1. Identify all residues within the range 1-15 that are outside any loop (DSSP other than H, G, I, E, B) and at pLDDT below 95; write none if there are none.
2. Within the range 6-15, track down each residue that is open to solvent by 50 Å² or more (accessible area, probe 1.4 Å) and more than 18 Å from residue 75 (Cα to Cα).
3. Can residue 46 be described as within 11 Å of the chain's Cα centre (by Cα) and among the hydroxyl-bearing types (Ser, Thr, Tyr)?
4. Within the range 23-31, is even one residue among the aliphatic types (A, V, I, L, M) and within 12 Å of the chain's Cα centre (by Cα)?
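The values are calculated or read from the model by the stated rules, or taken from the named source; none is laboratory data. The model shown is predicted, which means the values in this text are computed figures rather than measured ones. Backbone-built Cβ (ideal geometry, glycine too); neighbour counts: all protein chains shown. These area figures cover heavy atoms from the full protein model, side chains too; ligands, DNA and RNA do not enter into them. Shrake-Rupley method; radii C 1.70, N 1.55, O 1.52, S 1.80 Å.
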Amino acid sequence: MLALPAEVTMANARQVQQDLLARCRQLQGAETVRVQAGALTRFDSSVLAVLLELERATGGRLELEQVPQRLESLAQLYGVDALLWPDSAVVAS
């Protein structure tokens, strides 16, 4: 299981993305790649870019868990919620 840090902003999004992608490569054989988002408290729209890249890198096997309501709302605002959890694979916080 992967985990988002407490903060994902433009200042650290690139590093967070690189770290998570490196961990994803280690989970290549996994049927589902779970990402724990419960610790996420401070973020901006760059977190969406990180999650979209993870979705692409996992070939659609991404499952987000403990998603903060603010993150769900942000994804809906940007119109990417269906890309991040197409089958409502969001486990609410």
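1. Of the range 1-15, the ones outside any loop (DSSP other than H, G, I, E, B) are 2-3, 7-8, 13-15.
2, the sole residue that qualifies.
2. If the condition is that a residue be open to solvent by 50 Å² or more (accessible area, probe 1.4 Å) and more than 18 Å from residue 75 (Cα to Cα), then 11, 14, 15 are the ones that fit.
3. On the way: within 11 Å of the chain's Cα centre (by Cα): yes; among the hydroxyl-bearing types (Ser, Thr, Tyr): yes.
Yes; evaluated as a whole, the condition is true for this residue.
4. Here is the first cut: in the range 23-31, the ones among the aliphatic types (A, V, I, L, M) are 27, 30.
Pick out the ones that are also within 12 Å of the chain's Cα centre (by Cα) and you get none.
No, the range 23-31 has no match at all.
Conditions tested, residue by residue: (1) more than 19 Å from residue 17 (Cβ to Cβ); (2) modelled with pLDDT of 90 or more; (3) within 11 Å of the chain's Cα centre (by Cα).
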{"site": "53", "(1), (2), (3)": "no, yes, yes"}
{"site": "64", "(1), (2), (3)": "no, yes, yes"}
{"site": "70", "(1), (2), (3)": "yes, yes, no"}
{"site": "78", "(1), (2), (3)": "no, yes, no"}
{"site": "92", "(1), (2), (3)": "yes, no, no"}
